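Each reported figure results from applying straightforward, stated rules to the coordinates on display, with no laboratory input. This one's a predicted model, so the numbers in the text were calculated from it and none came from an experiment. Because the Cβ atoms are built from the backbone with ideal geometry, glycine has one as well, and the counts that use them run over all protein chains shown.
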Amino acid sequence: MSSANLCLLLILLVFSFHSWILRSQELTCNLNDLIALNGFSSCLESDIVGWSNSTSDCCTWTGVTCDNSTALSQRVVSLELGSNKLSGKICDSLAGLHQLRILNLSHNLLRGSLPTKLFHMQNLEVLDLSDNDFVGRIPAESHLSSIRYVDISKNSFFGPMDKNLCKTSPHIQYLDLSSNNFFGEVSPALGNCTSLQNLILAGNNFRSLPKGIFQLQHLSVLHLHNNSFSGPLSDGIGNLSNLVELDISSNSFTGVLPDVFGKLQKLEQFSASSNKFTGILPISMVNSPSLIKLDLHNNTLNGPINLNCSVMTRLMSLHLGSNNFHGPIPHSMSSCKSLSMLHLGHNNLRGQVPYRFKNLQSLKVLILSRTNLVNLSSTLKILQYCNNLTVLILSENFQEEQMPTDVNLQFRTLQVLSIAYCELRGSFPLWLRGCNVLQFLDLSRNHLSGSIPLWFNRFKYLFYVDLSNNSFTGEIPKGLTELEGLIDMNISLEGPSLGFPLFRTATDGATFGYNKIWSFPPTMDLSYNILSGPILPTFGNLRRLHVLNLNQNHLSGSIPESLSGMTNLEILDLSHNKLSGEIPNSIVQLSFLSKFSVAYNELYGEIPAGGQFMTFPYSSFEGNNGLCGRIYTPCQPEHAPTISRGEQMIIFGSQFAYGVVTGFLLTVTICFMSGWIVPRGAPFGVLNPRQTDTS
């Protein structure tokens, strides 16, 4: 071989080797992992943004993380595709990621059952499949020896809990099975999960709580709410000395609350609401220095409210509503300086709001409805000093007292006010004029009289106003139709945080609970008053309004065409007034309207057809003698004379026949006399010469 050929061969070898090195550097993703990811992708019905078959380097794909396992390839150790709108099923191929440590497919649209192989991934440490549509049982033969975090909440898994979970996964620290369909006994083997710190079983149908669960010394969060647990709450709960959150609400626990809170020195949140607990508050509970949130509402607890606020210095939220507590509201509660939310409503309390409540400067939410309180004037004078108060519910108290008229009352931060069902006398409270950030106002079911003030439009953020079942007179003020909160769809103001739900009873008796003020439907209810005058056309500007009730008043005039501007309206009740004219056809454009009534007015004309009007019953229009159409009285053709059944015109009767015969005879006689048929003087039977044959 010549030296030239040898030199050329060496050059080719160098280029070939260099090319091989470049290809090796490009192949940074392990081939087995690449096959597994492509197999996973092929089972989906949606594309994954950032994944491409044009590159073999899967380590650059969205949500994929690799490590440096070897010099020539990297292994996939993390796959995080949460909230990517993925749909479809998970195939076995995903289990081919043998080095995977983190798998997060949460908040997607994935469905179907999970492959058994997924629960045999020896290196998997984090598994988050929450908030999908997965179904079926969790494989009983699971063996996730390295797993520490499991969240499969908000799916439709069912069946009993895996009894071998702690045996095959001894290092698990976080387990969330909430909002599924698991049932039966909570596995006694959970007591062997000695590393468990968070156990969340809420929203299932578990019925039995094993003693083994009280052996979990490292447990800090235990959520058992919304299940079917029953019987007394075991004293063993006191063994969980590291508990920070304990929620057993919405079950069927009975008996007294165990007096073990002295052992739970780290407990910050305890909720046992909506159970069947009886008896008094445990001494260790009302002397707990660690509690921040305590919720015991909707039980049958009794006795006085004897909180030791000089010790409970961290207490911020207290909900004792809907129990049988009795006695006055203790003055000592004013020493709970950190209280921001206090709910004592629906108890057998009595007396007045303690004067020292004015010291609760952190108080934001105060609910004292149906507590037999007296002296509204004193209550408001005290509470106005709570400078951060945003929610004040005082309904079903102060029976037949006088609405305070003191214009100097100051509630500058108040966003929610309800003083309903009190049968209060007097007029509209003028001191509300200073509540510039008011969003929600309920003064219904009182005996307030006089006119509604003209300055309602100063409430820039008011979106819910209920003045129904009073005795207000005069015309509807224009200011009520100028509320920015009901006009501007994009108005933004954070509603107050309640910490617990408020309830509203609809006209049909249904009860709705709302955790946020802005969850209430934008409403204006002026029904059952003595209001007169017209319905203002400017109501049509309230584009954000969902409910408008003006029924049971003395309103007159026509229904404005402009009401069609309330494009989000769901309920419109104008019944039992003195309205006249026709129902505007424009209202058919209200596509969200589900309840409508103009019954018992003085309306006439044809009921509009089309849209939601085709679904409204007869009762929506009854009591209007002039209305017609649809399921109501049939309408007569326009301009047609009204003829009774006994007076119907007979066209082809005997009179018509006589007229035809007489007319025919007269016509023939005239023709003969004129000579048109027979010439004058010619004998009868002689033809007209013009008719003779000339051939």
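Pull up the cross-link candidates among the aspartates and glutamates for Lys381, meaning alpha carbon to alpha carbon under 14 Å and not fewer than 8 places away within one chain.
Asp406
Tell me, Trp51, Trp455 in order of fewest to most beta-carbon neighbours within 10 Å? List each step's numbers first, then the result.
On the way: Trp51 19, Trp455 12.
Least to most surrounded, the residues fall as Trp455, Trp51.
If the reach is capped at under 17 angstrom between alpha carbons, list the aspartates and glutamates near Lys595, excluding any in the same chain fewer than eight residues apart.
Asp508, Asp525, Glu570, Asp573, Glu622
Determine, for Phe621, Phe398, Phe592, the number of other Cβ atoms within 10 Å of each Cβ, and report the residues in order from fewest to most. It would help to have the intermediate numbers written out before the result.
Numbers: Phe621 26, Phe398 21, Phe592 12.
Listed from fewest to most nearby Cβ atoms, that is Phe592, Phe398, Phe621.
What span do the alpha-carbon atoms of segment 135-208 cover on each of the three principal axes, reported in whole Å from largest to smallest?
So the three principal-axis extents are 26, 21, 18 Å.
Which of the lysines could a cross-linker bridge to Lys276, judged by Cα under 28 Å and excluding same-chain residues fewer than eight apart?
Answer for Lys276, where 28 Å is the Cα cut-off: Lys154, Lys211, Lys263, Lys266, Lys293, Lys516, listed by chain and number.
From the phi of every residue in segment 225-232, what ³J(HN,Hα) in whole Hz does the Karplus formula 6.51 cos²θ - 1.76 cosθ + 1.60 yield, where θ is phi - 60° and glycine or proline is x?
Values, residue by residue: 5, 6, 10, 10, 5, 9, x, x Hz.
Taking the number of other C-beta atoms within 10 Å as the exposure measure, put Tyr604, Tyr149 in order starting with the fewest.
On the way: Tyr604 14, Tyr149 17.
The order, fewest Cβ neighbours first, is Tyr604, Tyr149.
log₁₀ I(q)/I(0) of segment 237-328 at q = 0.18, 0.19, 0.26 Å⁻¹, via Debye over equal Cα point scatterers, no solvent, to two decimals?
Log10 of I(q)/I(0), two decimals: -0.75, -0.85, -1.60.
Using only Cα atoms, what Kirkwood radius does segment 325-414 have, in angstroms? Please list the in-between numbers first.
Values: mean 1/r = 0.0760 Å⁻¹.
This gives a value of 13.2 Å.
Using only the alpha carbon atoms of segment 309-465, find the Kirkwood hydrodynamic radius as the inverse mean reciprocal pair distance, in angstroms to one decimal. Please list the in-between numbers first.
On the way: mean 1/r = 0.0629 Å⁻¹.
Computed over Cα pairs of segment 309-465, the Kirkwood hydrodynamic radius comes out at 15.9 Å.
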